[in-house]
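Here the structure comes first, spelled out in structure tokens, and everything after it is commentary.
Laboratory data are not the source of any read-out in this text; all were calculated from the coordinates shown. Keep in mind the model is a prediction, meaning the values are calculated, not measured. Methodologically, a virtual Cβ is constructed for each residue, glycine included, from the backbone with ideal geometry; neighbour enumeration extends over all protein chains shown.
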Amino acid sequence: MMNRRGQIIIPSVLLIPSLLLFVYLLFEITKLSREKIRHQFATDSAAFIEMTNYSDFFNRTAYVNGSFPHRIFKEAYGCAEHGGPNEHLQYTAGSGSICPYDMLYEAGCFPRYEGDDSEGVMDRMSKWPIRFSDARGYMNKNPPGDVILPMLKFIPRTRG
């Protein structure tokens, strides 16, 4: 019988490099997965931080758009009954007069709290019911998506 000890060399020449290649590829795939998870975590963290910033920005914008314009317009354009320096403006048709503060409010330039006739009323309230003029009622709710709303008109409806 012939010596067959050398027969294991041929399969081992094919099998051992294949196993080594398999282990190496497993190691590389593990590194790729780890890097993918790190990138995904970094992306998720960045998105969370930015959305927190956006949320904070939107909350501050809502606060500023509600209370500050109300007080600024009241101070700059208000008549005596609103605690401002201005006089009533006469309608061109001679049918009466209007305070510039009320005119701009009816045109939808700013929201206000209807019951606020004296300074500091809203400061003591826990919730500020600030709304736009009912003449611009669609501004107090979300508009429907398929309707294009008309642009603001700075001429209020006439009285008289």
note = Length gained if E81 through T30 is fully extended, taking 0.36 nm per residue and subtracting the Cα-Cα distance, is 10.9 nm
key: Virtual spin-label span in nm between Q90 and R131, 7 Å along Cα→Cβ   = 3.4 nm
query = Fully extended, how many nm does the chain gain between Q40 and L15 (0.36 nm per residue separation, minus their Cα-Cα distance)?
reply = 5.3 nm
query = Gain in length, F22 to Y63, computed as 0.36 nm per residue apart minus the alpha-carbon separation, to one decimal in nm?
reply = 8.7 nm
key: Separation of the M51 and I8 label points, Cα + 7 Å toward Cβ, nm   = 6.0 nm
